[in-house]
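A short worksheet on the structure shown next.
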Amino acid sequence: MLQESRATEPVCRAKATRNTHQKETVWRVFSAMRNHPTAEMVCDEVAKADPKIGRATVYRILNSYVSSGTAIKVPVYDGADRYDITVMPHSHAKCRICGSVLDVSTSGVLPAVKEENGFIIEGGAVLYYGKCRECSK
Ligand SMILES: [Zn+2]
Ligand SMILES: [Zn+2]
């Protein structure tokens, strides 16, 4: 019995170390990307850092950031959701030419009436569209 637990211990430790390494790598890559990346964009960068980390693992780790409140998921009207390291409420602008997503500091996104049909509005975000600096040149 004792021998058995000794035998499995290094395996468990190796697995835990691998998980920690994967999480650290994904975080390092994701937190350096300030362009509201899609999961696929994070996958591509993670693959450069460590090709052994699979796409499913990257998706799983990204979603764990969202559920723990470390990152937010930004839905855009056409295309894949974006991941954002800035978790405080803010709005976004999407370039309709190159698809880049930028932060916009806006006030007054909330309507004057905070309750309608029994629904209490607590927050909101707006997705603007237009042309980014590069595409306006
Ligand atoms: Zn653009
Ligand atoms: Zn943002």
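The values are calculated or read from the model by the stated rules, or taken from the named source; none is laboratory data. All figures in this text were calculated on a predicted structure; none of them were measured in a lab. Reconstructed Cβ throughout: ideal geometry from the backbone, glycine too, with neighbour counts over all protein chains shown.
Do we find a residue being exposed (fewer than 13 other Cβ atoms within 10 Å of the Cβ) and at pLDDT 95 or above anywhere in region 2-12? No, region 2-12 contains no residue that is exposed (fewer than 13 other Cβ atoms within 10 Å of the Cβ) and at pLDDT 95 or above. Against the definition (at pLDDT 95 or above and either in contact with a helix residue (DSSP H, G or I) (Cβ under 6 Å, 6 or more places away or on another chain) or within 16 Å of ligand 1 (Cβ to nearest atom) (or both)), how does Leu102 come out, yes or no? Against the criterion (at pLDDT 95 or above and either in contact with a helix residue (DSSP H, G or I) (Cβ under 6 Å, 6 or more places away or on another chain) or within 16 Å of ligand 1 (Cβ to nearest atom) (or both)), Leu102 does not qualify. Considering the conditions (1) of a type in the set (Asp, Glu); (2) surrounded by fewer than 15 Cβ atoms within 10 Å (Cβ to Cβ); (3) in a helix (DSSP H, G or I); (4) without any contact (Cβ under 8 Å) to a residue 40 or more places away in the chain, Glu122 is excluded by exactly one of them, (3). Screening Lys48, Lys52 for residues that are free of Cβ contacts under 8 Å to residues at least 40 places away in the same chain, over 15 Å from Asn19 (Cβ atoms) and more than 11 Å from the chain's Cα centre (by Cα) leaves exactly one candidate, Lys48. Across region 73-95, which residue is nearest to Phe30 (Cα to Cα) among those that are surrounded by fewer than 12 Cβ atoms within 10 Å (Cβ to Cβ) and within 16 Å of ligand 1 (Cβ to nearest atom)? Out of the qualifying residues, it is Gly79. Here is the figure for region 42-69: residues that are surrounded by 14 or more Cβ atoms within 10 Å (Cβ to Cβ) and among the polar types (S, T, N, Q) total 2.
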